[in-house]
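Novice: Below you'll find the structure I mean.
The values are calculated or read from the model by the stated rules, or taken from the named source; none is laboratory data. This one's a predicted model, so the numbers in the text were calculated from it and none came from an experiment. FYI the Cβ positions are ideal-geometry reconstructions off the backbone, even for glycines, and counts take in every protein chain you see.
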Amino acid sequence: MNIEKIITDLNFSKLINIFTYNPKEPLVFNSAAFLIIFTLFLFFYQLFYKYKKARIAYIALFSLYFYYKSSGIYFILLIFTTLINYWAAFKIDNTEKQEWRKFYLFVSVFSSLSLLGYFKYTNLLIDTFNNIFTLNISLQDIFLTAGISFFTFQALSYTIDVYRKEFKPLESFIDFLFCVSFFPHLVAGPIIRASVLIPQMDKEFYINKSEFGQGVYLIMSGLFKKVVIADFLSVNYVDKVFDEPLRYSGIENIFAVYAYAIQIYCDFTGYSDMAIGISQFIGFKLPINFNSPYQATSLTDFWRRWHISLSSWLRDYLYIPLGGNRKGNLRTYFNLLMTMLLGGLWHGASWKFVFWGFIHGLGLAIEKAFNLHNIFNKSSLLKFFGWAITFHIVCLAWIFFRADNFDKAIMMIDKIIFNTDFNMITQFSIAYKPVFLIILLGYAMHFINNELEDFLKISLFETHFVFQMIIVFIILFITLQFKSQDIQPFIYFQF
């Protein structure tokens with residue numbers, strides 16, 4: 001055996017790549033690189049999980065590494081945001097004068113939102129000023145770091161909760177760094193508040209057979225949703241129609257909207273499922289972030305089911321402080337509209353996201369004014385009617401969310417209204433058979449009865465380990481058959 005030849009043949013660049021950031025290949029859950037790195041993480045985790053402080057420090061350091069692999073040198077922004085809010089919370093708790101407590105809270109909010117504003121909204125402001133005042137200011141080459149909206153909101157909720165005296169601030173900076181940077185939900189949510197993680201930090205690590213099985217189920221389910229449904233629909237149909245809606249018929253445009261609705265759901269809930277499953281493996285339980293949102297019978301119901309961590313954050317830290325529903329009907333409608341407008345702006349630096357928020361805010365205000373949420377739940381017929389209206393309002397809003405600009409969104413809506421022949425559905429199902437079947441599969445998975453899903457989970461957990469592994473390998477095999485050549489990033493990485 002030629003030892004020298006073996007050493008020469010080793011590709012050391014791949015080893016080096018594990019420790020360096022590659023902007024063309026950021027670390028994501030649906031990559032082979034993450035599988036390898038996470039396996040190594042779990043291997044060394046065995047050395048730390050029995051010791052609480054060591055376990056928290058190990059996870060916090062790995063989370064920084066994970067974010068470095070996702071955004072490069074900009075992981076410094078994560079550390080800066082953590083430091084500012086850690087200091088501000090400490091000063092707030094140790095200050096009796098209300099004026100100074102407000103000042104430290106202001107420093108926290110201003111510095112965090114200024115950082116978010118610069119990296120996310122600078123070019124939107126420049127472009128808006130150029131259009132309004134006919135200026136020609138050049139756009140800035142600013143790198144949008146992954147998940148900056150998520151960790152900013154997570155850090156701010158901690159400082160605000162300390163200001164409200166809902167809990168005492170953490171004494172250890174490492175503990176707070178762990179809460180803000182916890183890698184499973186760091187770059188694409190859910191937005192997990194410190195109040196969820198803090199009580200779990202002192203608990204002994206323990207995972208039983210059922211919890212392990214649930215973690216496996218969630219990771220496999222999330223991977224399947226992401227690759228088999230979301231990525232397949234994106235690459236093979238949705239992107240093509242949204243890029244050039246005028247080239248396609250009205251029925252093709254309609255199904256592109258329906259396809260995008262299930263694509264973004266499977267993409268985002270797929271990430272959330274994997275985040276919850278990965279967290280379970282290392283002893284932390286995260287709350288669900290989606291609860292069959294397309295089964296909602298009103299927009300109010302939709303926002304109790306969709307991106308639950310964001311909607312509850314907006315409710316607790318924006319809608320209620322604005323006055324909620326405590327200051328009369330007109331003020332309630334205004335608060336709903338403002339909350340959703342800012343929620344839309346949170347999603348991206350474009351006015352089309354604000355308009356997406358406007359559609360939802362206006363719909364919520366109308367529902368509130370006419371008590372539609374309660375009316376739609378009075379009978380089965382009204383529930384169906386409410387569901388149909390809600391689903392199509394959500395889909396209408398998705399057009400502006402997904403389209404490159406307002407012009408393409410209007411083109412698509414125009415095609416759907418004036419160039420749709422519903423007799424072509426059969427032809428569509430034949431011409432786009434794989435796409436049509438994946439759309440049906442996506443919605444079937446979404447509308448599956450929760451009790452049936454729970455039954456399938458329990459049945460899987462109680463089977464023999466060998467059978468569980470067979471199921472895992474089957475899912476992985478199917479996933480690999482659908483995997484596109486290039487890894488598709490999660491949609492919410494841009495937020």
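Novice: Being modelled with pLDDT under 90 and buried (at least 18 other Cβ atoms within 10 Å of the Cβ) narrows it down to one residue among Tyr58, Tyr49, Tyr104; which is it? If you could, list the steps in order and put the result at the bottom.
Specialist: Values: Tyr58 fails: modelled with pLDDT under 90; Tyr104 fails: modelled with pLDDT under 90.
Among Tyr58, Tyr49, Tyr104, only Tyr49 is modelled with pLDDT under 90 and buried (at least 18 other Cβ atoms within 10 Å of the Cβ).
Novice: Let me ask something additional. Inside segment 138-165, can you point out the residues that are part of a loop (DSSP other than H, G, I, E, B) and among the acidic types (Asp, Glu)?
Specialist: Looking only at segment 138-165, we keep the residues that are part of a loop (DSSP other than H, G, I, E, B), and these are 138-147, 164-165.
Matches in segment 138-165: Asp141 only.
Novice: Next up: Lys383: in a loop (DSSP other than H, G, I, E, B) and either of a type outside the set (Asp, Glu) or over 22 Å from Leu116 (Cβ atoms) (or both), yes or no?
Specialist: Numbers: in a loop (DSSP other than H, G, I, E, B): no; either of a type outside the set (Asp, Glu) or over 22 Å from Leu116 (Cβ atoms) (or both): yes.
It is false that Lys383 is in a loop (DSSP other than H, G, I, E, B) and either of a type outside the set (Asp, Glu) or over 22 Å from Leu116 (Cβ atoms) (or both).
Novice: Can Ser181 be described as in contact (Cβ under 8 Å) with a residue 24 or more places away in the chain and either within 30 Å of Ile439 (Cβ to Cβ) or surrounded by 21 or more Cβ atoms within 10 Å (Cβ to Cβ) (or both)?
Specialist: Working: in contact (Cβ under 8 Å) with a residue 24 or more places away in the chain: yes; either within 30 Å of Ile439 (Cβ to Cβ) or surrounded by 21 or more Cβ atoms within 10 Å (Cβ to Cβ) (or both): yes.
Taking the combined requirement at face value, the residue satisfies it.
Novice: Yes or no: segment 76-90 includes at least one residue that is of a type outside the set (S, T, N, Q), surrounded by fewer than 19 Cβ atoms within 10 Å (Cβ to Cβ) and modelled with pLDDT under 90.
Specialist: no
Novice: Part of a loop (DSSP other than H, G, I, E, B) and either touching a Lys or Arg at 6+ places or on another chain (Cβ under 7 Å) or within 25 Å of Gly189 (Cβ to Cβ) (or both) - does that describe any residue in segment 47-59? Don't jump to the end; show me each part of the working.
Specialist: Residues of segment 47-59 part of a loop (DSSP other than H, G, I, E, B): 47-51.
Checking which are either touching a Lys or Arg at 6+ places or on another chain (Cβ under 7 Å) or within 25 Å of Gly189 (Cβ to Cβ) (or both) leaves us with 48-49.
Within segment 47-59, one or more residues are part of a loop (DSSP other than H, G, I, E, B) and either touching a Lys or Arg at 6+ places or on another chain (Cβ under 7 Å) or within 25 Å of Gly189 (Cβ to Cβ) (or both).
Novice: Need pairs with beta-carbon distance below 7 Å; first residue under 21 Å from Glu244 (Cα atoms) and within segment 412-436, second surrounded by fewer than 15 Cβ atoms within 10 Å (Cβ to Cβ) and not charged (D, E, K, R); sequence gap 6+ or separate chains.
Specialist: The qualifying pairs are Lys415/Leu246.
Novice: Does segment 342-352 contain any residue that is more than 26 Å from the chain's Cα centre (by Cα), surrounded by fewer than 19 Cβ atoms within 10 Å (Cβ to Cβ) and within 23 Å of Leu318 (Cβ to Cβ)? Steps first, answer last, please.
Specialist: To start, the set of residues in segment 342-352 that are more than 26 Å from the chain's Cα centre (by Cα) comprises none.
Checked against the condition, which is being more than 26 Å from the chain's Cα centre (by Cα), surrounded by fewer than 19 Cβ atoms within 10 Å (Cβ to Cβ) and within 23 Å of Leu318 (Cβ to Cβ), segment 342-352 yields no hits at all.
Novice: Output yes when any residue across segment 249-260 is surrounded by fewer than 24 Cβ atoms within 10 Å (Cβ to Cβ), among the small types (Gly, Ala, Ser), outside the structural domain of Pro184 (by TED's automatic domain parsing) and more than 29 Å from Phe376 (Cα to Cα), and no when none is.
Specialist: Checked segment 249-260: at least one residue is surrounded by fewer than 24 Cβ atoms within 10 Å (Cβ to Cβ), among the small types (Gly, Ala, Ser), outside the structural domain of Pro184 (by TED's automatic domain parsing) and more than 29 Å from Phe376 (Cα to Cα).
Novice: Which of the residues spanning segment 102-137 are over 21 Å from Ile148 (Cβ atoms), part of a helix (DSSP H, G or I) and among the polar types (S, T, N, Q)? Quick ask: steps written out before the conclusion?
Specialist: Residues of segment 102-137 that are over 21 Å from Ile148 (Cβ atoms), as a first pass: 102-104, 129-137.
Keeping just the survivors that are part of a helix (DSSP H, G or I) gives 102-104, 129-133.
Once the filter is applied, which keeps residues that are over 21 Å from Ile148 (Cβ atoms), part of a helix (DSSP H, G or I) and among the polar types (S, T, N, Q), segment 102-137 yields Asn130, Asn131.
Novice: Regarding Asn325, is this residue polar (S, T, N, Q), outside any helix (DSSP H, G or I), within 18 Å of the chain's Cα centre (by Cα) and closer than 28 Å to Gln154 by Cβ?
Specialist: Working: polar (S, T, N, Q): yes; outside any helix (DSSP H, G or I): yes; within 18 Å of the chain's Cα centre (by Cα): no; closer than 28 Å to Gln154 by Cβ: yes.
Considered against the rule, which asks whether it is polar (S, T, N, Q), outside any helix (DSSP H, G or I), within 18 Å of the chain's Cα centre (by Cα) and closer than 28 Å to Gln154 by Cβ, Asn325 comes out as no.
Novice: Further question on the same structure: Quick check on Ser234: is it surrounded by fewer than 23 Cβ atoms within 10 Å (Cβ to Cβ), in a helix (DSSP H, G or I), under 24 Å from the mean Cα position of the chain (by Cα) and not assigned by TED's automatic domain parsing to the domain that holds Ile410? Write out each step before concluding.
Specialist: Values: surrounded by fewer than 23 Cβ atoms within 10 Å (Cβ to Cβ): yes; in a helix (DSSP H, G or I): yes; under 24 Å from the mean Cα position of the chain (by Cα): yes; not assigned by TED's automatic domain parsing to the domain that holds Ile410: no.
Answer is no for this residue.
Novice: How many residues does segment 391-424 hold that are surrounded by 13 or more Cβ atoms within 10 Å (Cβ to Cβ) and over 32 Å from the mean Cα position of the chain (by Cα)?
Specialist: Summing the residues that are surrounded by 13 or more Cβ atoms within 10 Å (Cβ to Cβ) and over 32 Å from the mean Cα position of the chain (by Cα) in segment 391-424 gives 3.
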